[in-house]
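The values are calculated or read from the model by the stated rules, or taken from the named source; none is laboratory data. Since the structure is predicted, the reported quantities are computational estimates derived from the model, not experimental observations. Heads up, the Cβs are rebuilt from the backbone with ideal geometry, glycines too, and the neighbour counts pull from every protein chain shown. Surface accessibility is based on the protein's heavy atoms, side chains included, excluding ligands, DNA and RNA. Shrake-Rupley method; radii C 1.70, N 1.55, O 1.52, S 1.80 Å.
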Amino acid sequence: MKAQLLVMSTPDGPFTILAQDGVVLASGWTAGQDELTGQIHPDLRPGDVEAVTDLGSISRAVEAFYAGDPAPALAVPVRQKSGPFRSHAWDVLRTVRPGSPVTYTEYAELSGNPKAVRAAASACAFNAAALFVPCHRVIRSDGSLGGFRWGLAVKESLLAREATESLLAREAG
């Protein structure tokens with residue numbers, strides 16, 4: 001089946017989305033499709049890809065995120081494939097609130113196995129759908145950022161943006 005490829009301009013640089021039938025297969029802060037396709041499970045990799053200028057609700061979710069509303073990104077359908085723990089851990093990531101990052105240890109606990117800290121970190125590392133599955137919301141126990149495929153500057157920017165938005169929402173509410 002054919003997939004659609006969209007490169008969007010964001011304050012954090014180009015953000016590329018590979019989607020199929022309205023479902024995100026991969027996304028990240030890159031202008032290159034090749035940096036995305038390697039993260040997609042072989043069973044899900046599309047045979048053909050066409051460049052598009054809009055992905056409807058997916059595009060609007062990215063725009064909303066950068067306009068101060070991260071909620072729509074979590075509602076975008078995502079398709080990833082892996083083993084039971086990693087698949088569940090990706091679902092759990094979508095429940096981590098913006099502005100309230102968790103540590104890798106807390107993430108392992110939330111994912112149902114407090115001893116699986118390395119497996120939780122691996123779920124972040126192999127997450128193909130950045131932003132929509134917000135692996136940037138997981139940090140080290142000492143408060144440092146840890147890793148991020150798209151660079152620590154992007155991770156820091158995303159966390160700072162969400163912290164500001166969360167603070168503004170609490171003050172308004």
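Of everything in segment 7-32, what is among the aliphatic types (A, V, I, L, M), in a strand (DSSP E or B) and either open to solvent by 60 Å² or more (accessible area, probe 1.4 Å) or assigned by the TED database to the domain that holds Phe132 (or both)? Give them in sequence order. Outline the logic, then answer.
We begin by selecting, within segment 7-32, every residue among the aliphatic types (A, V, I, L, M); these are 7-8, 17-19, 23-26, 31.
The next check asks that each one be in a strand (DSSP E or B); those that pass are 7-8, 17-19, 23-26.
Within segment 7-32, just Val7 meets the criteria.
Can you tell me which residues in segment 58-98 are under 23 Å from Thr37 (Cα atoms), part of a loop (DSSP other than H, G, I, E, B) and basic (Lys, Arg)?
Once the filter is applied, which keeps residues that are under 23 Å from Thr37 (Cα atoms), part of a loop (DSSP other than H, G, I, E, B) and basic (Lys, Arg), segment 58-98 yields Arg79, Lys81, Arg94.
Does Ala71 fit the bill of being out of contact with any Pro (no Cβ under 7 Å at 6 or more places or on another chain), closer than 23 Å to Gly22 by Cβ and of a type outside the set (S, T, N, Q)?
yes
From Leu159, Leu152, grab the single residue that is open to solvent by 40 Å² or more (accessible area, probe 1.4 Å) and either in contact with a strand residue (DSSP E or B) (Cβ under 8 Å, 6 or more places away or on another chain) or modelled with pLDDT of 95 or more (or both).
It is Leu152.
Name the single residue, out of those in segment 67-91 being over 12 Å from the mean Cα position of the chain (by Cα) and crowded, with 18+ Cβ neighbours inside 10 Å, that is modelled with the highest pLDDT.
If we take residues in segment 67-91 being over 12 Å from the mean Cα position of the chain (by Cα) and crowded, with 18+ Cβ neighbours inside 10 Å, then Ala89 is modelled with the highest pLDDT.
Looking at Glu35, Glu109, can you tell me which residue is farther than 23 Å from Arg161 by Cα, at pLDDT 95 or above and among the charged types (D, E, K, R)?
Glu109
Got a sec? Which of Arg97, Arg60 is on the phi < 0 side of the Ramachandran plot, basic (Lys, Arg) and in the same structural domain as Ser27 (by the TED database)?
Arg60
Kindly evaluate Glu50 against the criterion of being part of a helix (DSSP H, G or I), at pLDDT 95 or above, surrounded by fewer than 18 Cβ atoms within 10 Å (Cβ to Cβ) and out of contact with any Gly (no Cβ under 6 Å at 6 or more places or on another chain).
no
Would you pick out the residues in segment 33-44 that are in a loop (DSSP other than H, G, I, E, B) and surrounded by fewer than 15 Cβ atoms within 10 Å (Cβ to Cβ)?
Hits for segment 33-44 are Gly38, His41.
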